[in-house]
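The values are calculated or read from the model by the stated rules, or taken from the named source; none is laboratory data. These numbers come from a predicted model, not from an experiment. Cβ: placed from backbone, ideal geometry, glycine included. Neighbour counts: every protein chain shown.
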Amino acid sequence: MKINKSISLLTSILLLTTSFYTLAQENTPSVISFKSCNIEIRADQISYRHNSISYSGNVQFLYGLASVKTNSAVLTRKKDGSCELVAGVVNYKVG
């Protein structure tokens, strides 16, 4: 009986922690900085702006050895020539 209660309690805590972590990630965009703007990004829709490019739909790009997939991303060119990619946001305003 004690083992079943302990496992049940542990499972509940794990599920609660995971749900809070997932909710926190949904509200926080992922930001990746690159030294260069030569990044291959594929998407269903691409919109060009003054210093940024918005990608939406099935967005996919390579980061290191990983192929990253998201629903939206904004690539912004900085004054020093580097770029910043903000992934996972729909309406991101470039400052």
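Here are a few things to note about the model shown:
Residue-by-condition table, conditions (1) over 14 Å from the mean Cα position of the chain (by Cα); (2) over 15 Å from S33 (Cα atoms); (3) part of a loop (DSSP other than H, G, I, E, B); (4) not aliphatic (A, V, I, L, M):
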residue: I46; (1), (2), (3), (4): yes, yes, no, no
residue: Y55; (1), (2), (3), (4): no, yes, no, yes
residue: V59; (1), (2), (3), (4): no, yes, no, no
residue: K69; (1), (2), (3), (4): no, yes, no, yes
residue: A73; (1), (2), (3), (4): no, no, no, no
residue: G81; (1), (2), (3), (4): yes, no, yes, yes
residue: E84; (1), (2), (3), (4): no, no, no, yes
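- Residues located in region 26-44, provided they are of a type in the set (D, E, K, R) and part of a strand (DSSP E or B): R42
- The residue list A66, A24, A73, A87 contains one member that is at pLDDT 90 or above and either in contact with a His (Cβ under 9 Å, 6 or more places away or on another chain) or aliphatic (A, V, I, L, M) (or both), which is A73.
- Test result for S19, at pLDDT 75 or above and out of contact with any helix residue (DSSP H, G or I) (no Cβ under 7 Å at 6 or more places or on another chain): no
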